[in-house]
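Enquirer: Got a structure for you, questions after.
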2 protein chains.
Amino acid sequence: MIKIAVDAMGGDAAPHSEVLGVIQAVQEYPVGVILVGAEDRLREELKRHKAAGLPIEIVHASEVISMGEAVSTAVRKKKDSSIRVAAKLVRDGKANGVVSAGNTGACMAVTKLVIGALSTVDRPALAAVMPTARNRPVVLIDVGANVDCKPSHLAQFAIMGEIFSRSALGNSRPKVGLLSIGEEESKGNELTKEVFQVLKASPLNFVGNVEGRDLFKGDVDVVVCDGFIGNVALKLSEGLTEMFSTMLKKDLSTHLSSQIGALLSRRAFRNFKARVDYSEYGGAPLLGVRGIVIICHGRSPAKAIKNAIRVAHECCAGRVNQRIEDEIKALSFMQRNASASVMLN
Amino acid sequence: MIKIAVDAMGGDAAPHSEVLGVIQAVQEYPVGVILVGAEDRLREELKRHKAAGLPIEIVHASEVISMGEAVSTAVRKKKDSSIRVAAKLVRDGKANGVVSAGNTGACMAVTKLVIGALSTVDRPALAAVMPTARNRPVVLIDVGANVDCKPSHLAQFAIMGEIFSRSALGNSRPKVGLLSIGEEESKGNELTKEVFQVLKASPLNFVGNVEGRDLFKGDVDVVVCDGFIGNVALKLSEGLTEMFSTMLKKDLSTHLSSQIGALLSRRAFRNFKARVDYSEYGGAPLLGVRGIVIICHGRSPAKAIKNAIRVAHECCAGRVNQRIEDEIKALSFMQRNASASVMLN
């Protein structure tokens, strides 16, 4: 049975949301979970939910890396943090993957350090699964693990994102785009122009440049970019969504003052929120490490934790990492051959 | 009297919106306008609005660069395009500025080519004036004129954006931020880390890094970035706003089916749209050229054209270009002295 280690102490409502999400996950999916964190608190939570008999174990961790904590010191000093203990379970072969709703920077740093990158991967990358207008999520990769990327890094991001889209989101032949500032091949900066040529020559279903405006249209399944751009894009989208929600709530309550109006507006608003809800897709996979790592939003409710476990399970079952190794090897081989034939001519 | 040349043929609803906006502008502000475009059509439009006696002249241009047209060929071949004739009026001292709702890329290329950059400016930059949650717009610069920028370019963008914020938006001491992926000084990519040090040492009111999430909070007045990032950010915001509006309209009409509900929702929706409306700020100034250039959205209604003329007038009256020349000179002088003193020590 596939086993996922869940950092039970990371999120804003930890360990409550984590434990509830874990219970729902093991009931719905053929997966076992190791809850990592303060043992007493976790036993207590499990007892409250009558979880006896479910495939849930507990492994103790005495420390927690908090949200505001500086990543570098936390990683160095907290040797018994819940995320680190969870990552060790993967390193030691006791779990196949990790799910955490903790400090994103710390999760990335710790899992990269403890579990390590796949042998063919230069830089593991964080992928965000974002809702679109067509109820068909788009995978944006990288959203913050790497800055100052080289073209070869983005080519690897494309492969990893594409495999994730196939395995976890069920797209049989995902369309892969490159985030840029114009649709034409000639548009972009030095980096994207080089990457364009690499992706065009690759076996991927590459559809060319995608502009910021078209990211959320739902026409493309995977969009590749440098981690600086991706992180700005992700956070900007979150900020805008929050601003719209706040404004809308205020405007609706101002104008729809009667009780019926308030009821109706609440319903419309709930629908609106549901469509821009990230929790459906669980969290952001950190792709390219020797194990499956899904990093959830700090405010993840139980549903997001449950879905993150589902996604982790699908990645394990779909042998995502084996595929990443194979396809990156194939691309490198293809590129070596191409440059060799250029040299011969 | 300050005179603005208005490219009357550029926008999606040209010349109707342009002519109407111009008439409103000259009635409200102490400004004269030269309408540039197909003379017959412009005379006809003016007649329809009974604009006799207003300070509006017409200068004929036989060609138009359309929205979808490739910039490079349009710039090379259409020597009598309305935007080019308008730019020539500025070059020849017959107008102080240009307003256009045409093809943004073509407007930038033509005005840079015909009018030229200010002597101290390495790269003119396009600034977007965007609404925030606090009804206090933020200036994002550069949003697409320049990619692969050097730190010195971003420092100049900061100065230009700050002067625009003071002159056209009435901020006496604008807060200037740097778009990055973390608030700490150590966060960002190679470019932003270098720019951080330059801005920190400058006389600007530099408030440090600004994350994508905080761009629309209204806490910062000017946010500086490379044109690739800025363009992705701008278009992504436009795309998201459009997506939200569409979804919201649909959801509200589904849930508020009674006539009263529909009326109420229309009102709430109108309010919502008004708060994310760009037309209040007229358009995007291209800063750093020898004249004032304001580029409006292709879909600009008359109100946006009117406001763009107001902004152009304020920039002229506020001697924005003289200030840009002086302050960039002062910064270069300061930096030369700083490096000289480093060498002496």
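Enquirer: Can A:A340 be described as part of a helix (DSSP H, G or I), at pLDDT below 75 and open to solvent by less than 30 Å² (accessible area, probe 1.4 Å)? Spell out how you get there, then give the answer.
Expert: Values: part of a helix (DSSP H, G or I): yes; at pLDDT below 75: yes; open to solvent by less than 30 Å² (accessible area, probe 1.4 Å): no.
No: the conditions fail for A:A340.
Enquirer: Filter the range A:180-209 for residues that are farther than 25 Å from B:L191 by Cα and part of a helix (DSSP H, G or I); which is most open to solvent (accessible area, probe 1.4 Å)?
Expert: A:K200
Enquirer: In addition: Can you find even one residue in the range B:19-40 that is under 21 Å from the mean Cα position of the chain (by Cα), of a type in the set (A, V, I, L, M, F, W, C) and surrounded by fewer than 18 Cβ atoms within 10 Å (Cβ to Cβ)?
Expert: No, the range B:19-40 contains no residue that is under 21 Å from the mean Cα position of the chain (by Cα), of a type in the set (A, V, I, L, M, F, W, C) and surrounded by fewer than 18 Cβ atoms within 10 Å (Cβ to Cβ).
Enquirer: Among helices (runs of 4 or more DSSP H) lying entirely in the range B:26-102, which contain 2 or more residues that are among the aliphatic types (A, V, I, L, M) and touching an Asp or Glu at 6+ places or on another chain (Cβ under 8 Å)? Working first, answer last.
Expert: On the way: elements: B:39-48, B:71-77, B:82-91.
Qualifying helices (runs of 4 or more DSSP H): B:82-91.
Enquirer: Same structure, new question: Within the range B:44-61, is even one residue in contact with a Ser or Thr (Cβ under 6 Å, 6 or more places away or on another chain) and of a type outside the set (A, V, I, L, M, F, W, C)? Give the derivation first.
Expert: Kept after step one, since they are in contact with a Ser or Thr (Cβ under 6 Å, 6 or more places away or on another chain), are these residues of the range B:44-61: B:61.
Filter once more, keeping what is of a type outside the set (A, V, I, L, M, F, W, C): none.
Scanning the range B:44-61 turns up no residue that is in contact with a Ser or Thr (Cβ under 6 Å, 6 or more places away or on another chain) and of a type outside the set (A, V, I, L, M, F, W, C).
Enquirer: Kindly check whether there is at least one residue in the range B:229-242 that is modelled with pLDDT of 95 or more and in a loop (DSSP other than H, G, I, E, B).
Expert: no
Enquirer: Moving to a separate point now. Considering the range A:145-179 alone, what residues qualify as being among the small types (G, A, S) and part of a loop (DSSP other than H, G, I, E, B)?
Expert: A:A145, A:G170, A:S172 - these are the residues of the range A:145-179 that are among the small types (G, A, S) and part of a loop (DSSP other than H, G, I, E, B).
Enquirer: Looking at the range B:256-277, can you tell me whether even one residue there is in a loop (DSSP other than H, G, I, E, B), among the aromatic types (F, W, Y), at pLDDT below 90 and within 30 Å of B:S17 (Cα to Cα)?
Expert: Taking the range B:256-277 as the starting set, the residues that turn out to be in a loop (DSSP other than H, G, I, E, B) are B:256-258, B:276-277.
Next, only the ones that are among the aromatic types (F, W, Y) stay: none.
For the range B:256-277, residues in a loop (DSSP other than H, G, I, E, B), among the aromatic types (F, W, Y), at pLDDT below 90 and within 30 Å of B:S17 (Cα to Cα): absent.
Enquirer: Based on what the data block shows, is B:S167 within 11 Å of another protein chain (Cβ to nearest Cβ) and either under 24 Å from A:V232 (Cα atoms) or open to solvent by less than 70 Å² (accessible area, probe 1.4 Å) (or both)? Break it down stepwise before answering.
Expert: On the way: within 11 Å of another protein chain (Cβ to nearest Cβ): no; either under 24 Å from A:V232 (Cα atoms) or open to solvent by less than 70 Å² (accessible area, probe 1.4 Å) (or both): yes.
The answer is no for B:S167.
Enquirer: Only one of these conditions is not met by A:V121: (1) under 25 Å from A:L154 (Cβ atoms); (2) touching a residue at least 40 places away in the same chain (Cβ under 8 Å); (3) not in a loop (DSSP other than H, G, I, E, B). Which number is it?
Expert: For A:V121, the failing item is (3).
Enquirer: Sticking with this structure for a sec: Name the single residue, out of those in the range A:210-219 being within 17 Å of A:A158 (Cβ to Cβ) and surrounded by 22 or more Cβ atoms within 10 Å (Cβ to Cβ), that is nearest to the other protein chains (Cβ to nearest Cβ).
Expert: By that ranking, first place goes to A:L215.
Enquirer: While we're looking at this one, here's another question. Could you please let me know if A:V176 is of a type outside the set (F, W, Y), touching a helix residue (DSSP H, G or I) at 6+ places or on another chain (Cβ under 8 Å) and open to solvent by less than 10 Å² (accessible area, probe 1.4 Å)? Give the steps one after another, and end with the answer.
Expert: Values: of a type outside the set (F, W, Y): yes; touching a helix residue (DSSP H, G or I) at 6+ places or on another chain (Cβ under 8 Å): yes; open to solvent by less than 10 Å² (accessible area, probe 1.4 Å): yes.
Judged against the criteria, A:V176 is a match.
Enquirer: Counting only residues that are in contact with a helix residue (DSSP H, G or I) (Cβ under 6 Å, 6 or more places away or on another chain) and within 12 Å of another protein chain (Cβ to nearest Cβ), how many does the range A:129-151 have? Full working, then the answer.
Expert: First, the residues of the range A:129-151 that are in contact with a helix residue (DSSP H, G or I) (Cβ under 6 Å, 6 or more places away or on another chain): A:129, A:133, A:137, A:139-148, A:151.
When the remaining residues are screened for being within 12 Å of another protein chain (Cβ to nearest Cβ), the result is A:133, A:140, A:142-148.
Selection size over the range A:129-151: 9.
Enquirer: Check off (1) within 19 Å of B:L191 (Cα to Cα); (2) touching a residue at least 40 places away in the same chain (Cβ under 8 Å); (3) surrounded by 22 or more Cβ atoms within 10 Å (Cβ to Cβ); (4) of a type outside the set (K, R) for A:V138 and give me the number that stays unchecked.
Expert: (1)
Enquirer: Residue check, B:G218 against (1) of a type outside the set (A, V, I, L, M, F, W, C); (2) within 30 Å of A:T73 (Cα to Cα); (3) part of a loop (DSSP other than H, G, I, E, B), all met but one. Which one?
Expert: Answer for B:G218: the failing condition is (2).
Enquirer: Residue check: is A:N96 under 30 Å from A:H16 (Cβ atoms) and buried (at least 24 other Cβ atoms within 10 Å of the Cβ)?
Expert: Criteria not met by A:N96.
Enquirer: A:V129 - would you say it is open to solvent by less than 10 Å² (accessible area, probe 1.4 Å), under 30 Å from B:G239 (Cα atoms), under 20 Å from the mean Cα position of the chain (by Cα) and modelled with pLDDT under 95? Break it down stepwise before answering.
Expert: On the way: open to solvent by less than 10 Å² (accessible area, probe 1.4 Å): no; under 30 Å from B:G239 (Cα atoms): yes; under 20 Å from the mean Cα position of the chain (by Cα): yes; modelled with pLDDT under 95: yes.
No.
Enquirer: If we keep just the residues of the range B:41-67 that are free of Cβ contacts under 8 Å to residues at least 24 places away in the same chain and over 14 Å from B:P15 (Cα atoms), which is most open to solvent (accessible area, probe 1.4 Å)?
Expert: B:K50
The values are calculated or read from the model by the stated rules, or taken from the named source; none is laboratory data. This structure is a prediction, so every number in the text was calculated from the model and none was measured. Note that we place each Cβ from the backbone using ideal geometry, even for glycine, and neighbour counts take in every protein chain shown. Only protein heavy atoms, including side chains, enter the accessible area calculation; ligands, DNA and RNA are left aside. Shrake-Rupley method; radii C 1.70, N 1.55, O 1.52, S 1.80 Å.
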